[in-house]
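These notes concern the structure reproduced below.
Derivation of every value follows stated rules applied to the coordinates shown; laboratory data play no part. None of these values were measured; they are calculated from a predicted model. Neighbour counts run over all protein chains shown; Cβ positions are idealised from the backbone, glycine included.
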């Protein structure tokens, strides 16, 4: 995920932020911050987190929220990112 992709994502989200409840904004912010932190940790190890991986991880995360189980995937970055998101947001789950 390069800076240009990230900037585009932020601008897209900001355009629609006016009608979004505060709780959703909070969750979105946490997802973004966790993703950036994970991306930066991978960069330090000379590894890359792609936009496609983040998109796929979001799909897996939706399934994780539904089942309360981490996904079974052969891509460790996907599993790690979903686990990080889940750990960060589990306080909001009922």
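Data table
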{"quantity": "Test result for residue 52, more than 10 Å from the chain's Cα centre (by Cα) and surrounded by 10 or more Cβ atoms within 10 Å (Cβ to Cβ)", "calculated": "no"}
{"quantity": "Residue match in the stretch 58-80 (condition: crowded, with 17+ Cβ neighbours inside 10 Å and not in a helix (DSSP H, G or I))", "calculated": "yes"}
{"quantity": "Residues satisfying the stated conditions in the stretch 38-57, i.e. in a helix (DSSP H, G or I) and either in contact with a strand residue (DSSP E or B) (Cβ under 8 Å, 6 or more places away or on another chain) or under 19 Å from residue 28 (Cα atoms) (or both)", "calculated": "38, 39, 40, 51, 52, 53, 54, 55, 56, 57"}
